[in-house]
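The values are calculated or read from the model by the stated rules, or taken from the named source; none is laboratory data. In this text the structure is predicted, and so the values were computed from the model without any measurement. Methodologically, a virtual Cβ is constructed for each residue, glycine included, from the backbone with ideal geometry; neighbour enumeration extends over all protein chains shown. Calculation scope for accessible area: heavy atoms of the full protein, side chains included, ligands and nucleic acids excluded. Shrake-Rupley method; radii C 1.70, N 1.55, O 1.52, S 1.80 Å.
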Amino acid sequence: MTIKRNVDAGLPASHIIELIFNAPAEFSGGNIDGVSRFVMKATEQARGESLVGVPARIDAGYFLIALNNLQQAQATNLGLLENSGWIDIPVSYVTGRRALMTFQKGASGTDVFAKALADWKNR
């Protein structure tokens, strides 16, 4: 997973989230076929709020989420990225089954997000 500020003026997005999944050949789900959204939440049990963006499947196991570049959407997205401690990524497999991947930022992740967000604000 990579989150970066968009520098391509031709792409109407403030930031790009890149997700690459490497499923083993024997994985019963086949591979990741779809990512529906990127959800930030305060606690593991919280429902959370989706970032304002559009997910796109680029190739098998490779997805981009373009975050909306409108001012209100940017404020919402950056606030969620900065203040939420957990991330949910709902996915679907080639077989049609679905799963939810949940990540905790933790202390080091919170620090990385804070540094990246501070850097993006200064550009």
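Here are the numbers for the structure shown:
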read-out: Hits in region 1-34 (condition: open to solvent by 70 Å² or more (accessible area, probe 1.4 Å) and either in contact with an Asp or Glu (Cβ under 8 Å, 6 or more places away or on another chain) or among the basic types (Lys, Arg) (or both)); value: MET1, LYS4, ARG5
read-out: Any hit, region 72-81, residues being touching a residue at least 24 places away in the same chain (Cβ under 8 Å), outside any helix (DSSP H, G or I) and among the hydrophobic types (A, V, I, L, M, F, W, C); value: no
read-out: Residue in region 13-40 that is nearest to GLN104 (Cα to Cα), counting only those that are of a type outside the set (Ser, Thr, Tyr) and over 17 Å from the mean Cα position of the chain (by Cα); value: ALA23
read-out: Residue match in region 51-64 (condition: surrounded by fewer than 12 Cβ atoms within 10 Å (Cβ to Cβ), more than 26 Å from ALA114 (Cβ to Cβ) and touching a residue at least 24 places away in the same chain (Cβ under 8 Å)); value: no
read-out: Index of the failed condition, THR43 passing every other in (1) over 19 Å from GLY109 (Cα atoms); (2) surrounded by fewer than 18 Cβ atoms within 10 Å (Cβ to Cβ); (3) hydroxyl-bearing (Ser, Thr, Tyr); value: (1)
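For every residue, the table says whether it meets (1) touching a residue at least 24 places away in the same chain (Cβ under 8 Å); (2) within 13 Å of the chain's Cα centre (by Cα); (3) surrounded by fewer than 16 Cβ atoms within 10 Å (Cβ to Cβ).
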position: SER84; (1), (2), (3): yes, yes, no
position: ASP88; (1), (2), (3): yes, yes, no
position: SER92; (1), (2), (3): yes, no, yes
position: ARG98; (1), (2), (3): no, no, yes
